[in-house]
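The structure under discussion appears below in the form of structure tokens.
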Amino acid sequence: MFAVYAKEPNADDPLSSLVVGERPDPEVPDGWVRVSVRAASLNMHDIWTLRGVGIKPDQFPMILGCDGAGVLDDGTEVVLHSVVNDPAWRGDDTLDPKRTLLTEKYQGTFADSVVVPARNVLPKPAGLSFAEAATMGTAWLTAYRMLFVKSGLRPGQTMLVQGASGGVSTALVQLGRAAGIRVWVTGRTEEKRALAEQLGAHATFEPGARLPERVDAVFETVGKATWGHSLKSLTPGGIVVVSGATSGPDPSADLQRVFFLQLRVVGSTMGTRDELADLLSYVDLTGIRPQIGAELPMSEAATGFSDMLEGRTAGKIVFTR
């Protein structure tokens, strides 16, 4: 079958390991289902896979793509939940020590079809296109958990999103605005800040700018480059929710500020199947739709990967079949 895959890990030149070609058709174990992929979105996780982060060398070649939407053999339209749990696990899907994401152990969604456990498919809302639905399982689910499960924010409070144009950031802007939260955003360029305002941000700022007042929560996916600003922007007792560190994982912790102002630092990774179900209901009820910056055929996947690696994003990059 057609597939976009990583042939081997390459930390220094990840795109050199990207192959658009053919892979064997997958077998369907008992309790699993085959999904004919209609759309799948690109995530930073796919770049990390090409670099060999979070995946063992003997797992290559690995079909990329850790979320998507498609059709079951019986014609049912579905959205994929990307967290694959140990069958014996009970509790929060994201805390299972044996959990894995698609593309870490099991082949991913950038292909004609993908095989997943039956519990990892959810009905696609009729109001969402396949391309829109394909953004839900990773970027939007990550944002949903950060905002509604981890932050404790209430309508009327103020949030700051570090970074204006990535998939998680744009989702946070739209989710926060729809929930009645005041949304502030930082962005590196006028174009990125304009995009955030178009999606509902109440105000935008240059990176590191002094804000009009301190905020109740900061949402971090950038890491080292913005961490100091994130801590300085918080009101006493405020919270920073972290789900990524694209600019580096090792900033100064600034512990004196953390303990003196009683700041909270909380990590967040992906989300549970139930949270994905709630997210799908939420976007269906509110009518909000994900910002898709580029929609490309999977055969042109290299273009999308290059754009993401160079930061040329304006929302989600989605590949379609």
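Run residue 219 past the list (1) more than 17 Å from the chain's Cα centre (by Cα); (2) aromatic (Phe, Trp, Tyr); (3) crowded, with 24+ Cβ neighbours inside 10 Å and report the number of the one that doesn't hold.
(1)
Just the residues that are surrounded by fewer than 20 Cβ atoms within 10 Å (Cβ to Cβ), part of a helix (DSSP H, G or I) and touching a strand residue (DSSP E or B) at 6+ places or on another chain (Cβ under 7 Å), please, taken from region 284-298.
none
For region 222-249, give me each residue that is assigned to a loop (DSSP other than H, G, I, E, B) and over 27 Å from residue 92 (Cα atoms).
Of everything in region 222-249, those that are assigned to a loop (DSSP other than H, G, I, E, B) and over 27 Å from residue 92 (Cα atoms) turn out to be 224, 225, 226, 233, 247, 248.
Can you confirm whether region 138-157 contains a residue that is assigned to a strand (DSSP E or B), in contact with a Gly (Cβ under 6 Å, 6 or more places away or on another chain), more than 24 Å from residue 100 (Cβ to Cβ) and not polar (S, T, N, Q)?
Scanning region 138-157, I find no residue that is assigned to a strand (DSSP E or B), in contact with a Gly (Cβ under 6 Å, 6 or more places away or on another chain), more than 24 Å from residue 100 (Cβ to Cβ) and not polar (S, T, N, Q), so the answer is no.
Scanning region 299-316 for residues that are in a helix (DSSP H, G or I) and of a type in the set (S, T, N, Q), which turns out least open to solvent (accessible area, probe 1.4 Å)?
Ranking the candidates gives 306 first.
Can you tell me which residue within region 158-210, out of those that are part of a strand (DSSP E or B), of a type outside the set (D, E, K, R) and without any contact (Cβ under 8 Å) to a residue 40 or more places away in the chain, is nearest to residue 314 (Cα to Cα)?
185
Here are 281, 252: which of them is loosely packed, with under 15 Cβ neighbours inside 10 Å and not in a helix (DSSP H, G or I)?
Unique residue meeting the criteria: 252.
Quick check: is even one residue across region 146-169 surrounded by fewer than 18 Cβ atoms within 10 Å (Cβ to Cβ) and among the aliphatic types (A, V, I, L, M)?
Yes, the conditions are met somewhere in region 146-169.
Test each condition in (1) over 23 Å from residue 149 (Cα atoms); (2) open to solvent by 40 Å² or more (accessible area, probe 1.4 Å) for residue 236 and report the one that comes out false.
Failed condition: (1).
Could you please find all residues in region 48-65 being within 14 Å of the chain's Cα centre (by Cα) and either basic (Lys, Arg) or at pLDDT below 95 (or both)?
Hit for region 48-65 is 48, nothing else.
Any idea how many residues of region 1-47 are under 21 Å from residue 142 (Cα atoms), of a type in the set (A, V, I, L, M, F, W, C) and either part of a strand (DSSP E or B) or out of contact with any Gly (no Cβ under 6 Å at 6 or more places or on another chain) (or both)?
So the answer is 4.
Conditions (1) open to solvent by 10 Å² or more (accessible area, probe 1.4 Å); (2) in contact with a strand residue (DSSP E or B) (Cβ under 6 Å, 6 or more places away or on another chain), marked per residue:
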{"site": "10", "(1), (2)": "yes, no"}
{"site": "17", "(1), (2)": "no, yes"}
{"site": "27", "(1), (2)": "yes, no"}
{"site": "42", "(1), (2)": "no, yes"}
{"site": "46", "(1), (2)": "no, no"}
{"site": "64", "(1), (2)": "no, yes"}
{"site": "71", "(1), (2)": "yes, yes"}
{"site": "76", "(1), (2)": "yes, no"}
{"site": "87", "(1), (2)": "yes, no"}
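Somewhere in region 12-21, is a residue in contact with a helix residue (DSSP H, G or I) (Cβ under 7 Å, 6 or more places away or on another chain) and over 16 Å from residue 304 (Cβ atoms)?
For region 12-21, residues in contact with a helix residue (DSSP H, G or I) (Cβ under 7 Å, 6 or more places away or on another chain) and over 16 Å from residue 304 (Cβ atoms): absent.
The values are calculated or read from the model by the stated rules, or taken from the named source; none is laboratory data. Predicted model, so just to flag it, every value in this text is computed and none were measured. Cβ: placed from backbone, ideal geometry, glycine included. Neighbour counts: every protein chain shown. Surface areas here come from the heavy atoms of the whole protein model, side chains and all, with no ligands, DNA or RNA. Shrake-Rupley method; radii C 1.70, N 1.55, O 1.52, S 1.80 Å.
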